[in-house]
Amino acid sequence: MVRKGRSFGEKVKRGPKAKSGIDMRKELVQRALSKDERERVVTVATSEEYVNKSPAAIVASQLDTGVFLCSERTIYRLLPTDEMVHERRSVAMHPVYSKPELMATGPRAV
């Protein structure tokens, strides 16, 4: 029996290719920020100068001074761990809808 193709449910499993036997997960962990670097990013983001700015504005102003701490995405990833990022706009709270009740006081009054 000659198989013409794969069925719908079968997929070829392909993982990340390792470079010359190096485990990709270890390489990613080596590039992660150290605890001191993470603390430095959080202290800069919570400093008086940057406390009311977005992470994009923080990264831009740091780059203007010639300092690169981390990427904008990394700041967004670090701040929720300390519960420092929240919704800034007021979220609409819709009132509970009550169905109107029609009361007839006489014939054909509704």
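So that you can scan it fast, the table gives a plain yes or no per residue for (1) surrounded by 10 or more Cβ atoms within 10 Å (Cβ to Cβ); (2) closer than 14 Å to Thr46 by Cα; (3) modelled with pLDDT of 85 or more:
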| residue | (1), (2), (3) |
| --- | --- |
| Thr65 | no, no, yes |
| Arg73 | yes, no, yes |
| Leu79 | yes, yes, no |
| Met84 | yes, yes, no |
| Lys99 | no, no, yes |
Name the single residue, out of those in region 52-79 being part of a loop (DSSP other than H, G, I, E, B) and in contact (Cβ under 8 Å) with a residue 12 or more places away in the chain, that is farthest from Asp36 (Cα to Cα).
Ser71
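The values are calculated or read from the model by the stated rules, or taken from the named source; none is laboratory data. In this text, all values refer to a predicted model and were calculated from it rather than measured experimentally. As a convention, Cβ positions derive from the backbone with ideal geometry for all residues, glycine included, and neighbour counts pool all protein chains shown.
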